[in-house]
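Remarks on the structure that follows.
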């Protein structure tokens, strides 16, 4: 291949690479202000859970929070008031929390967003016979809404 043709191919490849969308590192999620802000909220959620800081978790949650746990049974539904009541109790029963939360997709439509996450949590639960190690891993959809310019979680915890 001659030098001019090689240079033309290199220039074309470089221009195509420059047009490729920027992605959040380690993901296939487009990097923009909204997706970065949603990732930041989820990182703060992870850190608050690891610290067992109910107040910090609640600061990330909308007062309109409501989650039906994916079941038709209203007994397991959780609104903001119930979350504020049970979260400190739940955190008081656990110790040594380590959570790996990986965002796999984010979809933003106006002031609403859905984040799909894979999480792996390891912790100890206080029982009558002592602390028991536990592990929980799952895929979850966390829904968020923009309120007064900030993304807040409205379901999925």
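The values are calculated or read from the model by the stated rules, or taken from the named source; none is laboratory data. In this text the structure is predicted, and so the values were computed from the model without any measurement. Positions of Cβ are backbone-derived with ideal geometry, glycine not excepted, and every protein chain shown enters the neighbour counts.
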**Request:** Look at residue 27 and say whether it is outside any helix (DSSP H, G or I) and either on the phi < 0 side of the Ramachandran plot or at pLDDT 95 or above (or both).
**Result:** yes
**Message:** Quick check on this structure: which one of 107, 122 is surrounded by 13 or more Cβ atoms within 10 Å (Cβ to Cβ), outside any helix (DSSP H, G or I) and without any contact (Cβ under 8 Å) to a residue 12 or more places away in the chain?
**Reply:** 107
**Request:** Within segment 147-156, identify whether any single residue is out of contact with any helix residue (DSSP H, G or I) (no Cβ under 9 Å at 6 or more places or on another chain), surrounded by 12 or more Cβ atoms within 10 Å (Cβ to Cβ) and assigned to a loop (DSSP other than H, G, I, E, B), and answer yes or no.
**Result:** yes
**Fill in**
Residues of segment 51-68 being farther than 19 Å from residue 145 by Cβ and assigned to a loop (DSSP other than H, G, I, E, B), in sequence order, are 52, 53
**Prompt:** Which of the residues belonging to segment 30-46 are in contact with a strand residue (DSSP E or B) (Cβ under 9 Å, 6 or more places away or on another chain) and in a helix (DSSP H, G or I)?
**Reply:** 34, 35, 37, 38, 39, 40, 41, 42, 43, 45, 46
**Message:** Looking at segment 76-92 only, could you name the residues that are more than 17 Å from residue 145 (Cβ to Cβ) and either touching a residue at least 12 places away in the same chain (Cβ under 8 Å) or surrounded by 11 or more Cβ atoms within 10 Å (Cβ to Cβ) (or both)?
**Reply:** 76, 77, 82, 84, 85, 86, 87, 88, 90, 91, 92
**Message:** The conditions are (1) at pLDDT below 95; (2) surrounded by 15 or more Cβ atoms within 10 Å (Cβ to Cβ), and residue 62 fails exactly one of them. Which is it?
**Reply:** (1)
**Complete:** Of 53, 95, 73, the only residue that is more than 16 Å from the chain's Cα centre (by Cα), modelled with pLDDT under 95, surrounded by 12 or more Cβ atoms within 10 Å (Cβ to Cβ) and on the phi < 0 side of the Ramachandran plot is 95
